[in-house]
Structures are given as structure tokens and as C-alpha cells.
Amino acid sequence: MNTEDGWRISAIHNGRVRPVTVPAPDSTPSKMSRAMTRAARRLGLGRATASL
């Protein structure tokens, strides 16, 4: 369901259905998340190197 604050969906957690809100793409939390993801990629963070 699309609301003013973003998408509202249900997720199963510990065997129970819980409401979850997904922020709208143009909201501040979404923008910050994308910015942190881009910064982490540029810095090479969050990726483990394979050691064989």
C-alpha cells in the first residue's frame, strides 16, 4: 500500500506478520542511504575479498 510516508508492506519476523514501512525514494532516509552506499563503494568498504 502506498502512503504519504512511503510504501507499507508486511514482513514475517519470528513467525509473526509485522508491518514494515519502506521510505519513499525521494525521502531523506532514502537519499542518505543511497549516499552512504555510494561512499562505501568508492572507499572499498563492505566487500570481503576472496582468499583461496
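Which numbered condition trips up Val17, out of (1) at pLDDT below 80; (2) assigned to a strand (DSSP E or B); (3) surrounded by fewer than 12 Cβ atoms within 10 Å (Cβ to Cβ)?
Result: Val17 fails condition (1) only.
List the number of the failed condition for Ile12; all other conditions in (1) touching a strand residue (DSSP E or B) at 6+ places or on another chain (Cβ under 6 Å); (2) part of a strand (DSSP E or B) hold.
(1)
The values are calculated or read from the model by the stated rules, or taken from the named source; none is laboratory data. Nothing here was measured: the structure is a model prediction, and the numbers come from that model. A quick note on method: Cβ atoms are made from the backbone with ideal geometry, for glycine too, and the neighbour counts reach across all protein chains shown.
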